[in-house]
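Note sheet for the following structure.
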Amino acid sequence: MANDVLEIQLQIQPEIFDEDKILIEKAKKNPVVAGKLYDKYYSEILSYIYHSTLDRNITEDLTSNVFLAVFKHLGKFKWKQVPFRAWLYRIATNEIRTHWRRQKSIVALDDSGFEMVSSEFEGSDNIAIQEEFKLLHKALSKLKHKYRAVIILRYFEGKSISEICDITGNKEGTVKCQLHRGLAKLQDILMDLGVLPE
């Protein structure tokens, strides 16, 4: 039985791997094909960055930066242990980290940076949901980047622990520890903000 499961996994994973590998090898030689990579992964990377910034303009700028970096360095991408999707997320994570570092050096964040609401809540009659969403992102912004990144990847982007390991380059134990500590710190921040009872 275990061998059957292993055999099925080995049959499925190479297909996904081969599809990206073929596309990337073609994209290295033909910029038009690179557009297919952009089309395939754009909305996924945009969503991740939006959940990290909660600002449409910044999200679009950072997403553009990610794909500029991808196309600039695509020729250097080699198939090792890290899937192409994880490589994209690593670049996006670095863009987000750089953005927040720049923001901290310019001015400390205040509540005005969180006037945006997720598109899924825009136009909603439920003001309470919008406010809770903004408070959650305000609390997330107070976390160290390593905690914020794993929480967003896990709970907003629905990534598995294994995928987060590929994206962050950390071992499973480290990722689980960061999730645990990050959620504990997030809970403390939400209590300080009066969102959760003490």
Virtual spin-label span in nm between residue 142 and residue 22, 7 Å along Cα→Cβ = 5.1
query = Quick one: if you stick a label point 7 Å off each Cα along the C-beta vector at residue 43 and residue 161, how many nm between them?
reply = 3.0
remark   = Length gained if residue 181 through residue 32 is fully extended, taking 0.36 nm per residue and subtracting the Cα-Cα distance, is 49.3 nm
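Give me the number: length gained by fully extending residue 56 to residue 101, i.e. 0.36 nm times residue separation minus the C-alpha to C-alpha distance, one decimal in nm. Walk me through the intermediate numbers first.
Working: separation 45, 0.36 × 45 = 16.20 nm, distance 1.85 nm.
Working it through step by step, the gained length comes to 14.3 nm.
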Separation of alpha-carbon centers, the range 124-158 and the range 34-60, rounded to whole Å = 17
message = Starting from the 7 Å offset along Cα-to-Cβ, what nm value, one decimal, do you get for the label separation of residue 72 and residue 131?
response = 4.4
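Here, each number is a calculation from the coordinates, and none is a lab measurement. The shown structure was predicted, so the numbers you read here are calculated from the model rather than taken from an experiment. All Cβ positions, glycine included, derive from the backbone under ideal geometry; neighbour counts span all protein chains shown.
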